[in-house]
Amino acid sequence: MNMKEIMAMAPEAEPARQKYFMELAKASVAKIAEEKGRPLTCFISTFGCQMNARDSEKLLGILQEIGYVEGTDEKSDFVLYNTCTVRENANLKVYGRLGYLNGVKRKNPDMMIALCGCMMQEPQVVEKIKKSYRHVDIIFGTHNIFKLAELIFARLNSKKMVVDIWEGTDAIVEDLPIERKYPFKSGVNIMFGCNNFCSYCIVPYVRGRERSRNPEDIVKEIEGLVADGVVEVMLLGQNVNSYGKTLKDPISFAELLRRVEQIEGLERIRFMTSHPKDLSDELIEVMKDSKKICKHFHLPLQSGSSEILKVMNRRYTKERYLELVDKLRAAVPDIALTTDIIVGFPGETEEDFQETLDVVRKARYDSAFTFIYSKRTGTPAAAMENQVPEDVVKDRFDRLLKEVQDIAAEVILRDEHTVQKVLVEEIDSHEPGFVTGRLSNNTVVHFKGDASLIGKIVEVSLDEAKGFYFMGSLVKEG
Ligand code: SAH
Ligand code: SF4
Ligand code: F3S
């Protein structure tokens, strides 16, 4: 068959079309491997958030299906960067790595370099790569990751860079292979995209409009994961609290949680991220009654100043936020709260910053991700004139970080000397003979143990708090 006939025979519907291209790509990869006398290797480097991490598991699933085996570094035959553009430094890192790959590819001209993820949804980025990074083979975006096999097949049959970026999509393609990083826990997408357009944020532009998966598909996926050994799931979306609103038969996020709770064999449920403006009383009720939802709530604050929150287009006030914190604590007294905070948003004054510190002191977070405001081209905030000078931002950032860390070190003492259930995740990377696990409230604990404990939920005595983690000892297995 020639290329024209091959393309004419490709099914139009998904996932059938991708299964067709996976078979074709598999045959091509097998042929090259035979010529080389060794299997071809692949390597994915993931930047950014858990959405990207989950996408990378899907991408690795496809690559393995095609016949690549997972390599250990960027000297692999197929190197893929799944990029992030939420802040400028995430973006700059990728250009740095691409420069390095140029040298690697000179030594292995058959190597393929692919780029995908949020950065690729920015037209000026793609232009720059096409012009200055000619050694890249494939560029695709956030909406068509399911097409990887088709794109590889296209590249193998052409000498040109393959570029396929979609501006948006309504499609959610189910039932493609996925290779999970952890056997016992997994992210599960419940929705894609974001409709909130916080004025500093690029995500809605690069991830498209909000789309929820059908609850039946989500439950089916989790049942499959549980049958495969998963005990903990993390339900993923940019704003899980608005899950289900756009479905043909709308359901609430709280209702989805009730259904997921019913899944036998599933032990722990986490979710990320909750937007305060959509946090419902119904959700708080479900958390109160649940045996499986973890006692952890990530509730991004961004700023404690109602003025700044307004310009950020967050659609809640400082008072409303603190009210939500109180409600959560009343319903689930030992809940751990974490947050995201941005300092140096345009127009932020010392008074505004003091409001942020005030919320930090009142909410008493278990931990907080603190970010220096980063100007993202195309967002409304980037065009604002009153950008805050760098030295002022840096000073506020340092003060915020100290406050956050001091409070976290106090808050963690709440659990010291208690015995808690811990999901063991991995061998401790620092202490030989130790393993590392997580409490329901997401705090990390290290204790003596071996690989046989990984993936099990065990009881651990939290002997000593060390700032933001515990040293503990195993009390009871299983
Ligand atoms: N959907 C999530 C956040 C996704 S981005 C939510 O609404 O909470 C993760 C975090 O990155 C955000 O919470 C915010 O704190 C930070 N962030 C986003 N855009 C940023 C920017 N331009 N500069 C600095 N931090 C930013
Ligand atoms: Fe960005 Fe706001 Fe959407 Fe979160 S909710 S992804 S911060 S626009
Ligand atoms: Fe980054 Fe995209 Fe996530 S911009 S934070 S990888 S949604």
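The one condition from (1) touching a residue at least 24 places away in the same chain (Cβ under 8 Å); (2) in a helix (DSSP H, G or I) that R329 does not meet is (1). Scanning region 36-53 for residues that are open to solvent by less than 50 Å² (accessible area, probe 1.4 Å) and within 16 Å of ligand 1 (Cβ to nearest atom) yields F47, M51, N52, A53. Quick check on region 174-185: of everything there that is charged (D, E, K, R) and surrounded by fewer than 15 Cβ atoms within 10 Å (Cβ to Cβ), which residue is nearest to the chain's Cα centre (by Cα)? The extreme case among them is K181. You will find that of I139, I190, the residue that is aliphatic (A, V, I, L, M), modelled with pLDDT of 95 or more and within 29 Å of Y95 (Cα to Cα) is I139 and no other. Within region 370-393, residues that are under 17 Å from C198 (Cβ atoms) reach partners that are β-branched (V, I, T) and within 14 Å of ligand 3 (Cβ to nearest atom) with beta carbons closer than 7 Å, at six or more positions or on different chains, in the pairs F371/I342; Y373/I342; R376/I202; G378/I202; T379/I202. Here K93 passes the criteria (1) more than 23 Å from the chain's Cα centre (by Cα); (2) at pLDDT below 95; (3) among the basic types (K, R) except the one numbered (1). Within the span defined as region 15-32, every residue fails to be aliphatic (A, V, I, L, M), closer than 30 Å to N239 by Cα and free of Cβ contacts under 8 Å to residues at least 24 places away in the same chain.
Restrict the check to region 318-341 and report whether at least one residue is surrounded by 18 or more Cβ atoms within 10 Å (Cβ to Cβ) and closer than 18 Å to D395 by Cα. Yes, because at least one residue in region 318-341 is surrounded by 18 or more Cβ atoms within 10 Å (Cβ to Cβ) and closer than 18 Å to D395 by Cα. Counting only residues that are surrounded by 18 or more Cβ atoms within 10 Å (Cβ to Cβ) and assigned to a loop (DSSP other than H, G, I, E, B), region 239-251 holds 3 of them. Within the option set A154, A171, being without any contact (Cβ under 8 Å) to a residue 40 or more places away in the chain and either touching a strand residue (DSSP E or B) at 6+ places or on another chain (Cβ under 7 Å) or surrounded by fewer than 19 Cβ atoms within 10 Å (Cβ to Cβ) (or both) holds for one residue only, A154.
Assessment of region 66-73 against the conditions (buried (at least 17 other Cβ atoms within 10 Å of the Cβ) and of a type in the set (G, A, S)) yields at least one matching residue. Applying the condition of being among the small types (G, A, S) and in a helix (DSSP H, G or I) to region 1-35 and asking which residue is surrounded by the most Cβ atoms within 10 Å (Cβ to Cβ) yields A25.
Has region 263-271 got at least one residue that is over 24 Å from K185 (Cα atoms), within 16 Å of ligand 1 (Cβ to nearest atom), in contact (Cβ under 8 Å) with a residue 40 or more places away in the chain and not in a loop (DSSP other than H, G, I, E, B)?
To start, the set of residues in region 263-271 that are over 24 Å from K185 (Cα atoms) comprises none.
For region 263-271, residues over 24 Å from K185 (Cα atoms), within 16 Å of ligand 1 (Cβ to nearest atom), in contact (Cβ under 8 Å) with a residue 40 or more places away in the chain and not in a loop (DSSP other than H, G, I, E, B): absent.
The values are calculated or read from the model by the stated rules, or taken from the named source; none is laboratory data. Small disclaimer: the values here were computed from a predicted structure and weren't measured. So basically every Cβ, Gly included, is an ideal-geometry build from the backbone, and we count neighbours across all protein chains shown. What goes into the accessible areas is simple: the full protein's heavy atoms, side chains included, and nothing from ligands, DNA or RNA. Shrake-Rupley method; radii C 1.70, N 1.55, O 1.52, S 1.80 Å.
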